Every structure is written in structure tokens, then in C-alpha cells.
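Single-structure report; data block below.
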Amino acid sequence: MKAPVRVAVTGAAGQIGYALLFRIASGEMLGKDQPVILQLLDLPQAQAAVKGVMMELEDCAFPLLAGMVASDDPNVAFKDADYAILVGARPRSKGMERKDLLEANGAIFTVQGKALNDHASRNVKVLVVGNPANTNAYIAMKSAPDLPAKNFTAMLRLDHNRALSQLAAKTGKAVADIENMAVWGNHSPTMYADYRFATIGGESVKQMINDDVWNSDVFLPTVGKRGAAIIEARGLSSAASAANAAIDHIHDWALGTNGKWVTMGIPSDGSYGIPEGVMFGFPVTCANGEYTIVQGLEIDEFSRGRINVTLNELEEERAGVAHLLG
Ligand code: NAI
């Protein structure tokens, strides 16, 4: 059996936490041969609820669960962490302006970035789920100057998975057979889900669908506003599918994609004209614990327009938190 790895999860008492922790402990994220120690962070007032979740985790008797720690202190929860999934964030409350939301989350992610910087493994892989995910990941990255910037990522995988399912439904084909899907930009309704390069059994999905109006008027709004549609239908936000996307993101980053494209929010290296450091969704492949941006894709005029919209939104958010980062 391998030595256990330490997985820190913040917002452990929340909805996504409840849909996530049991799957991590069962081995779905890092493999059925990888024991894990869960290090759970939540606010002081949520510690009783975290204890309850830990009791249930115990009662599952997961063979791979090698230990658990609960804390309200990021310096404890991130100690020696090999993976950190940052789910806990400040939700937008009634009457809250975007500026206030960025400010409240800025306070959380500067502290957590610094705690990762000071206490986590030097190879820690960080995934930010809590919204605004890209900008929160950017803040954490900037607050952790001693860790490699490439270790900080934001979750675009839910958008990617939503896009795959919409394409499968439209073409009548299986999700598993769709290759080369890309999502660009911010995890927000401005994201650009791009199936121009997608194939099924070697055939072009764009040609199969052959309907640009469906792309711009149905597909993109459906994927972009899916979170709101789920809140409308369920009365609660999309927690299980978000947790599933987090599992997929870390699984593929750690264990590889065998050449398959997935989408990750990562600090740009300047590819496709996205300014360096912007936390942007790109199509990537993963191998040996590293991601690589898929290169050489042609960006047509429609796509450049969409990419610019989502980039501008991220640049505005980045400007909105600049004063927090010194
Ligand atoms: P929730 O409200 O059920 O749970 C959030 C948990 O985080 C609570 O237990 C709360 O006490 C905790 N928390 C708040 N501030 C914290 C802090 N500073 N440190 C540690 N824990 C803290 O919310 P839910 O449904 O679990 O969603 C969590 C976040 O994930 C939200 O920001 C939501 O917008 C986001 N989200 C992101 C998605 C994505 O695709 N990137 C998809 C769906 C949700």
C-alpha cells in the first residue's frame, strides 16, 4: 500500500463538502490504492457540523481513509497538505455589491494563500471551487509567493462537463465518445464553451450539428446559465455536480488524461494572447502530475470576441482585488 497523502478541504460542512468528502475517502479521486488523510477546514460555528460529517465518514469504514483532522485554523488544516480543495467562500447575500463580494472573498483567500505558502507541501496541488473561483484562485496564488504559481488552479470542469452532456444530447451520442472539448475563460456565464475542435469517433461535432444559431442562442446560454437553472429547479445550488467536477479535476491532474483534453482554470503563460498570470480556463492535457495547454488551435473571429468578453470580466475582477495584494 502507498503512503497516505494529505487532502485539505475547506467548507467541509457545506453542501459541496458533503457530496465530495465521501468520494475522496472511497478512492474515486486519487485511485483505489491511495490512502488519504482528510484535513477539514470550516468556520468556528460550523465545527459541530464538521464533527457530524466525520462521524459519518468513520461509519463508512473506508479502507483508504487513514486519518482525519478538523480545524477552524487554515494553518492547521493546510499543514503538509498534498492537495487543497478550497470550497468554502463567502456567498453573495441580498443587496451585496460585486465589489463587496470580491472584498469579502479577498479577505478569505489572502489568508488561505498565505497559510498554504507557510505550511503546505511544496508540491501542493490547489483547486479553488468557491466563487468567484478564478479570482479567488488568483488571490491565493498571489498570496503564496514561495509556491509555484502553476500549482494554483480554478474549477472550470463543471462547465466542461455540462458542455459535454449538452453535446451528447444534441448529437444522440455518448458523452464518453466526445473528444477535444474546450472551455475558455472565467467560471461565470461569460465562459466560452467551444466545440469547434470536438470529435466523436473521429467525426467533427461542429459539422454533425451544423447550426451556428443553436451554438450562440441555445448551447452557450444553456451551459453558461446552468447553475442558475439548477437553483431555480432544486431550490439549492448544484452541489453534487460541482463535487463531481472537483473529483474529475484533481483525478485527471494527478493521474493523467491519456491525451484527452479537459478544461482547467490555470495561470496563463501568455498562450492565445491571454496575459500572463490571468487565471483562465484553457483546454489542457495532463500527464505525470502536470498539465499542458493544448497549443496551435485557430481562434476565429467569433471565438476571439467571446474570449475577449470573458477575459475583460476577469481583468475587471483582477483590478478589483489589486489593492488587497499589495
Ligand atoms: P455552502 O454554503 O453549503 O457551504 C459553504 C461552507 O463553507 C460552509 O460550511 C461555510 O461555513 C464554509 N466557509 C465559509 N467561509 C469559510 C472560510 N473562510 N473558511 C472555511 N470555510 C468557510 O456552499 P456550497 O454549496 O458548498 O458552495 C461552496 C462554494 O462553491 C460557493 O462559493 C459556490 O458559489 C461555489 N460553487 C462553485 C462552482 C464551480 O463550478 N466553481 C459550482 C458550484 C458552487
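The values are calculated or read from the model by the stated rules, or taken from the named source; none is laboratory data. This one's a predicted model, so the numbers in the text were calculated from it and none came from an experiment. Cβ placement follows ideal geometry from the backbone for every residue including glycine, while neighbour counts extend to all protein chains displayed. Protein only, heavy atoms only, side chains kept; ligands, DNA and RNA dropped before computing areas. Shrake-Rupley method; radii C 1.70, N 1.55, O 1.52, S 1.80 Å.
Some notes on this structure:
- Residue under evaluation Ala61, criteria (1) within 10 Å of the ligand (Cβ to nearest atom); (2) in a loop (DSSP other than H, G, I, E, B); (3) not hydroxyl-bearing (Ser, Thr, Tyr), criterion not met: (1)
- Taking the criterion of being among the polar types (S, T, N, Q) and in a loop (DSSP other than H, G, I, E, B), the only residue of the range 20-44 that qualifies is Gln34.
- Note on the range 209-236: residues that are within 16 Å of the ligand (Cβ to nearest atom), open to solvent by 70 Å² or more (accessible area, probe 1.4 Å) and either among the basic types (Lys, Arg) or outside any helix (DSSP H, G or I) (or both) amount to 4.
- Residues of the range 296-326 satisfying the condition of being of a type in the set (D, E, K, R) and either assigned by the TED database to the domain that holds Pro145 or surrounded by 19 or more Cβ atoms within 10 Å (Cβ to Cβ) (or both): Arg306, Glu313, Glu317, Arg318
- Restricted to strands (runs of 3 or more DSSP E) entirely inside the range 90-198, those with at least 1 residues that are in contact with a Pro (Cβ under 7 Å, 6 or more places away or on another chain) and either among the β-branched types (Val, Ile, Thr) or over 30 Å from Leu43 (Cβ atoms) (or both) are 182-184.
- For the range 124-181, a residue qualifies if it is surrounded by 21 or more Cβ atoms within 10 Å (Cβ to Cβ), of a type in the set (Lys, Arg) and within 22 Å of Gly326 (Cβ to Cβ), and exactly one does: Lys142.
- Every condition in (1) open to solvent by less than 60 Å² (accessible area, probe 1.4 Å); (2) under 15 Å from Thr10 (Cβ atoms) holds for Gln34 except the one numbered (2).
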